[in-house]
Amino acid sequence: MTLFLHELRRGRTALLIWTAAISFMLGVCLLIYPQMSSQMGEISAMFADMGSFSAAFGMDQINFGEFLGYFGVECGNVLGMGGAFFAALLGISTLAKEEKEHTAEFLLTHPVSRTRIMAEKLAAVVVQIVLFNAAAIGITALAVLAIGETVRVQTFALIFLAYFLMQLEVASITFGLSAYLRRGSLGIGLGLAAMFYFLNIVANLMDQTAFLKYITPFGYTDAADIIGNQALNGAYVAVGMGLSLLGIGLAFWHYGKKDIA
Amino acid sequence: MEAIQTNHLTKYYGKTCGIADMSLTVGEGDFFGFIGPNGAGKSTTIRILLGLITASSGTAQIFGKDVGKHKREILSQVGYLPSETMFYNGMRVKDVLRLSADLRKMDCTQEAKKLCDRLELDDSRKVEELSLGNRKKVGIVCAMQHRPKLYILDEPTSGLDPLMQREFYALLQERNQAGATVFLSSHILSEVQRYCKHAAVIRKGRILICDSVENLGHTGAKRVTLRGVEGVPGLEPVRDVKRTQDGISFLYGGKPDRLLQALSGLPVTDITIGEPDLEEIFLHYYAKGESENDSVST
C-alpha cells in the first residue's frame, strides 16, 4: 500500500495535466458540435467521399452529421491518441524511472519483494488510467447535457470501454518493455503508441492489411465498428488482453531476476 | 552464527569479471572494513549481498540465510547506505525518511529525529536541493533509523566533512557496542585502521588478505626517518628504503638497541621512529598481488 500511494503521489502532477488537457480538448470538441452540425450536411458527404482517406479514419461508415458519428471520430482522435500516449508514458516509466533516477537502489534494498513492488506500481498505473477515463466520461456527460443532445448511453459506454481497454493494453505492453530497459525511454513508449495508431489506419486502408487490427489495440476502438455492431469485436479484444497479460507476465518474470544497475 | 559469509562468490558482467572466487566471513558484532581501490569489486560484493544483482556462481549468506532465497527477511535486518545516494525528487527529507520507515512497516520518527539532530540535518529541506554531503546524511539516517542488526555501508564517508565523519563513526561505534555488526567499504585506510576490528584487502575482484586490523598493521617493523644522513647505517633487516632530499627513510625489523647504537655518532639532524601505517602495508600487499598476478600470467 505504501508504494502504491507513493506512486500516485509522484504521478499526481502528470495525471492532472494530462487529464486537464485531454478533458479540455474533448469538451471543446463536443461544445462546438451544434455549430459544426449546421454545416455538416456537405462536409459529411465530402468526408465520406474521399476514398481511402475516409476509410483510413473509418469515416466511410459513420454519418458525420449525426452526433454519435461526430463523437466517434472526434473522440477517436482526442481520447484515442491522448489516452494511448498517457498510458504509454505511465507504463514505460513506472519501472524504468527507478533505475534512471538511481532510486532503484533505495527502493529495492527495503524488505519488499520485487513482485510486490511491481504489483503496487501496476495497480497505481491502472488507478491513474481509471481516474483519467472517469474525468473524460464526466466531461463528456457534462458537455452532452450542455449542448442538449440525447444519446444512447449503451453505445457511449461501449466506446469508452473500448478506449479504457486500449489504454490498459498500451500500458501493459509498455510496462513489459520497461522491465527490460535500463533508462526510462519515454520515446520508445510514445513511439509504440503512435505506431499502434498508424497500424490501425493502415489496417483500415486495405483488406490485405486488415489483419493488423489484431495487433494494434486501436483495432477494437474503431467507433464505426462499435456503433455499427453495438458491440466490441471480441476477437480483437481477446488478442489485446492476451498481449496485455503477456506484457505483464514478461515484466514480472524478468524484473524479478534482473541485475539492477 | 556469522553475520556475512560468502563462498567462492563470482560475478561476471558479460565477459568482464566483477569479483572472482570471493570467500569472506564477517562475524556477528564485528566492525569490518573492506578496502580496495575504485573498481576493485567492493560495490559488486555489496550489491550481491543485498540482492540487487545475482552472483554468477558461489553463495552468499547473511545471518545464515541465503541472500537470494530469504532476501526480504535479510533486508529487514540490514541498513544499507549506497555510495551514491539518490532519492525521489520533490520529496522533503522527512518524507523520504517516513517512506523508508513505511516500507519497513515501522515507525521510526523518534530515532530519525535523534539522528537528524546529531548529524545536523534539516528534515524540512527538499532532497534535490541538498548538497552531496547532506544527501549522504539522509542516506545514513535511512540506514540507521530502524536500528538494524547489520550495517552495510558503501564508502560511507565520501562527501562528509571531517567533523561529520567523526560523528558518524561515533554513531556506528555506539551501534556496534550495542551488538550490531558493521561492514563498510572504503578506500581510505586511515578510517579503517582507526575504527575497524577486521579488514579485508581486495584488488581486481579478489581478496588479497583478510585479518584483524591489528595483525595487518603489526609487522614488528618501525618506520625510521632520518635527516642529515645519506646512506643506511649498517643494520639488518631493513626494507623499503626511500631516499629523500636530505635524508633517508626505511623500515627496520630488528631490535631497538641495535638501531640506537647504529645511529649514535651519525650526523642526524632530525629523527622520527614510528609504526608503519596501514597504507604502507596496503601498498605492500598491492605490490605483492601485482607481482603474483604477473607470475601467474607469464
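Give me the number: length gained by fully extending A:Asn77 to A:Ala238, i.e. 0.36 nm times residue separation minus the C-alpha to C-alpha distance, one decimal in nm.
Working: separation 161, 0.36 × 161 = 57.96 nm, distance 2.31 nm.
Contour length minus the Cα-Cα distance gives 55.7 nm.
What distance in nm lies between label points placed 7 Å from Cα along the C-beta direction at A:Tyr180 and B:Val268?
7.2
Rank-order B:270-276, B:155-161 by packing density, defined as the average count of other C-beta atoms within 10 Å over each peptide's residues, highest first.
Numbers: B:270-276: 13.0, B:155-161: 18.7.
Ranked by mean Cβ neighbours within 10 Å, highest first: B:155-161, B:270-276.
Counting GluC sites (Glu not before Pro) as exposed when in a DSSP loop with at most 16 other beta carbons within 10 Å, what is the longest stretch of chain A free of them?
Values: sites that count: A:Glu66, A:Glu101.
After excluding every exposed loop site, the longest remaining stretch is A:102-261.
Please label the shape of the range B:1-119 as rounded, prolate or oblate, based on the square roots a ≥ b ≥ c of the eigenvalues of the alpha-carbon gyration tensor (a/c under 1.5 means rounded; beyond that, a/b larger than b/c means prolate, else oblate). Numbers along the way, then the final one.
Working: a/c = 2.01, a/b = 1.68, b/c = 1.19.
Since a/c reaches 1.5 and a/b is larger than b/c, the shape of the range B:1-119 is classed as prolate.
Which length gain, in nm to one decimal place, applies between A:Gln208 and A:Thr115 when the Cα-Cα distance is subtracted from 0.36 nm times their residue separation? Before the final figure, lay out the partial values.
Details: separation 93, 0.36 × 93 = 33.48 nm, distance 4.17 nm.
Stretched fully, the A:Gln208-A:Thr115 segment lengthens by 29.3 nm.
What's the average, rounded to a whole number, of partner chain beta-carbon atoms within 10 Å of each residue's beta-carbon in B:99-106? List each step's numbers first, then the result.
On the way: counts 8, 5, 2, 6, 10, 4, 5, 1.
If you average over the peptide's residues, the count of other-chain Cβ atoms is 5.
Once whole DSSP H runs in chain A are found, which of them have Cα atoms spread over 27 Å or more along the helix axis and a mean Kyte-Doolittle score of at least -1.0?
Qualifying helices, which must be both long enough and hydrophobic enough, are A:2-31, A:114-147, A:153-178, A:186-205, A:234-255.
How many Cβ atoms of partner chains, on average, are near each residue of A:107-120 if near means within 10 Å of its Cβ?
On the way: counts 4, 6, 16, 14, 13, 7, 4, 3, 0, 1, 1, 0, 0, 0.
That works out to 5 on average.
Tell me the angle of helix B:162-177 to the major Cα principal axis of chain B, expressed in degrees between 0 and 90 and rounded to the nearest ten.
70
Residue by residue through the range B:38-51, which ³J(HN,Hα) values in whole Hz follow from phi under the Karplus form 6.51 cos²θ - 1.76 cosθ + 1.60 (θ = phi - 60°), with glycine and proline marked x?
4, x, 7, x, 4, 5, 4, 4, 4, 5, 5, 4, 8, x
How would you classify the range B:13-75 from its alpha-carbon gyration tensor, with a ≥ b ≥ c the square roots of the eigenvalues: rounded for a/c under 1.5, else prolate if a/b is greater than b/c, otherwise oblate?
Working: a/c = 1.99, a/b = 1.20, b/c = 1.66.
It is oblate, given that a/c is not under 1.5 and a/b is not larger than b/c.
Average partner chain C-beta neighbours within 10 Å, per residue of B:44-56?
Mean partner shielding for this stretch: 2.
Please label the shape of the range A:125-169 as rounded, prolate or oblate, based on the square roots a ≥ b ≥ c of the eigenvalues of the alpha-carbon gyration tensor (a/c under 1.5 means rounded; beyond that, a/b larger than b/c means prolate, else oblate). Mind showing how you got there, number by number?
Working: a/c = 4.12, a/b = 1.74, b/c = 2.36.
Oblate.
Could you tally the net charge around B:Asn7, taking each other residue with its Cβ under 13 Å from the Cβ of B:Asn7, Lys/Arg +1 and Asp/Glu -1?
Details: positive: none; negative: B:Glu2, B:Asp21, B:Asp66.
Within the 13 Å Cβ shell, the charges total -3.
Net charge near B:Tyr88: determine it from the other residues with C-beta under 10 Å of the C-beta of B:Tyr88, scoring Lys and Arg +1 and Asp and Glu -1.
Values: positive: A:Arg9, A:Arg10, A:Lys97; negative: A:Glu98, A:Glu101, B:Asp95, B:Glu128.
In short, -1.
What does the extension gain come out to for B:Ala178 and B:Ser124, with contour length at 0.36 nm per residue minus their alpha carbon separation? Intermediate values should be presented prior to the final figure.
Working: separation 54, 0.36 × 54 = 19.44 nm, distance 3.01 nm.
Computed gain between B:Ala178 and B:Ser124 is 16.4 nm.
No value in this document is a laboratory result; all are computed from the given coordinates. Everything quoted here is computed from the prediction, not taken from an experiment. Reconstructed Cβ throughout: ideal geometry from the backbone, glycine too, with neighbour counts over all protein chains shown.
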